[in-house]
């Protein structure tokens, strides 16, 4: 018989030589979550119901703070584009809303509620900002394309189309720029991450994934990819796989990384936030 005073062991995972201690954060305010981002010392969770934004402390502690996005229909993607700005994607409202550090709208990209195939927007999934200030939107569920906007949010070009060949997409679900200035796109239904330059020229791809969901970068430049296995994979800039671990719910739908290397996963079914906290070298279990 296990004593009520017996401390249960923590779970540990490893990505390459780095070990992580697993911490799950469950709370009714996290139900319906979709994505997660880090803004300063805060963890910001995007949900598909009000309040759409929920704030956690740096260690994952629930703050009780929530912010409504009344302009949203159904939130999907959330990404920090700078130290004081978030890009929040409204999948069914066909828009991207840029938020300041107080979670108030700065401006937006939208289609005046006129979605269309191959043009902005048609059920977008994610938005990121490139090194030169341009914005990139994965128009994932309806158009299977990526749209490029200048820093003033003027549409410049669209690349990609439905298909499976290099440069085509089937649900571009998440995107970011890596440390080499390449645009990485999680091409979910094609089971790969595609790599492009900033103008949409195809550079290569990472395969061996099962419906990749979310992308993030570690402080030392590893590309993290969650997929529907469910698992989390880490790749070098050369595309070499250095480590894998499982995620703990059905889907790791969103990813973010803190400055100290803590990996944050927005997990669905059950809905919760999971932190993978780096274990210093030499620490024992």
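The values are calculated or read from the model by the stated rules, or taken from the named source; none is laboratory data. These figures come from a predicted structure and were not determined experimentally. No Cβ is skipped: glycine too gets one built from the backbone with ideal geometry, and neighbour counts run over all protein chains shown.
So residue 65 ticks every box in (1) touching a residue at least 40 places away in the same chain (Cβ under 8 Å); (2) part of a strand (DSSP E or B) but one. Which box is left unticked?
Of everything listed in (1) touching a residue at least 40 places away in the same chain (Cβ under 8 Å); (2) part of a strand (DSSP E or B), residue 65 misses just condition (1).
Working only within the range 213-243, note down all residues that are more than 14 Å from the chain's Cα centre (by Cα) and more than 20 Å from residue 190 (Cα to Cα).
219, 220, 221, 222, 236, 237, 238, 242, 243
Taking the range 32-56 as the region of interest, how many residues are exposed (fewer than 14 other Cβ atoms within 10 Å of the Cβ) and either at pLDDT below 95 or under 28 Å from residue 131 (Cα atoms) (or both)?
Residues in the range 32-56 being exposed (fewer than 14 other Cβ atoms within 10 Å of the Cβ) and either at pLDDT below 95 or under 28 Å from residue 131 (Cα atoms) (or both): 2 in total.
Taking residue 60 and the conditions (1) closer than 19 Å to residue 137 by Cα; (2) assigned to a loop (DSSP other than H, G, I, E, B), which numbered condition does it fall short on, given that it satisfies the others?
(1)
Which one of the conditions (1) in contact (Cβ under 8 Å) with a residue 12 or more places away in the chain; (2) over 25 Å from residue 170 (Cα atoms); (3) part of a loop (DSSP other than H, G, I, E, B) does residue 102 fail to meet, given that it meets all the rest?
Going through the list (1) in contact (Cβ under 8 Å) with a residue 12 or more places away in the chain; (2) over 25 Å from residue 170 (Cα atoms); (3) part of a loop (DSSP other than H, G, I, E, B), residue 102 breaks only (1).
Quick one: how many residues across the range 263-278 are in a loop (DSSP other than H, G, I, E, B) and surrounded by fewer than 19 Cβ atoms within 10 Å (Cβ to Cβ)?
So the answer is 2.
Within 19 Å of residue 192 (Cα to Cα), surrounded by 14 or more Cβ atoms within 10 Å (Cβ to Cβ), modelled with pLDDT of 95 or more and touching a strand residue (DSSP E or B) at 6+ places or on another chain (Cβ under 9 Å) - does that describe any residue in the range 254-262?
yes
In contact (Cβ under 8 Å) with a residue 60 or more places away in the chain and in contact with a strand residue (DSSP E or B) (Cβ under 9 Å, 6 or more places away or on another chain): which single residue out of 49, 18, 85, 71 fits that description?
Step by step, each of 49, 18, 85, 71 is checked, and only 18 is in contact (Cβ under 8 Å) with a residue 60 or more places away in the chain and in contact with a strand residue (DSSP E or B) (Cβ under 9 Å, 6 or more places away or on another chain).
Only one of these is touching a residue at least 24 places away in the same chain (Cβ under 8 Å), in a strand (DSSP E or B) and touching a helix residue (DSSP H, G or I) at 6+ places or on another chain (Cβ under 7 Å): 13, 44, 97, 54. Name it.
Matching residue, one of 13, 44, 97, 54: 54.
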